[in-house]
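The values are calculated or read from the model by the stated rules, or taken from the named source; none is laboratory data. Everything numeric here is computed off the predicted structure, so don't read it as measured data. No Cβ is skipped: glycine too gets one built from the backbone with ideal geometry, and neighbour counts run over all protein chains shown. The protein model used for the area step is the full one, side chains on, heavy atoms only, and it has no ligands, DNA or RNA in it. Shrake-Rupley method; radii C 1.70, N 1.55, O 1.52, S 1.80 Å.
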Amino acid sequence: MSDHTEQRLTAREMVRVHAYPVLAFISSISLLSIAILLIPQAVKIDRYNRCVDAQVALREAINPKGLTTPGKMNYLKAVEHCEGF
């Protein structure tokens, strides 16, 4: 078995040896930061969707015709309520 401690690498070989781990680390950090930055937007959208669903269900419950599918007007009023208008 040969000992690799006395082996000399050229500059090009050093770059080849170290480039993959460095690029892998940088890309992992980028993906992690993107995921962390998307959390507030996901929470906001989830709350908005739950608000719209609750408003549509509320408007369906008071619908005199007893329809189970929300009409366009029910949906638009629910969106208007959840957006704060």
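Quick check, is R12 loosely packed, with under 10 Cβ neighbours inside 10 Å and assigned to a helix (DSSP H, G or I)?
Values: loosely packed, with under 10 Cβ neighbours inside 10 Å: yes; assigned to a helix (DSSP H, G or I): yes.
Yes: the conditions hold for R12.
Results for (1) open to solvent by 80 Å² or more (accessible area, probe 1.4 Å); (2) assigned to a helix (DSSP H, G or I); (3) not β-branched (V, I, T), shown as yes or no for each residue.
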position	(1), (2), (3)
L23	yes, yes, yes
S27	no, yes, yes
L37	yes, yes, yes
P40	yes, yes, yes
V43	no, yes, no
A54	no, yes, yes
L76	yes, yes, yes
F85	yes, no, yes
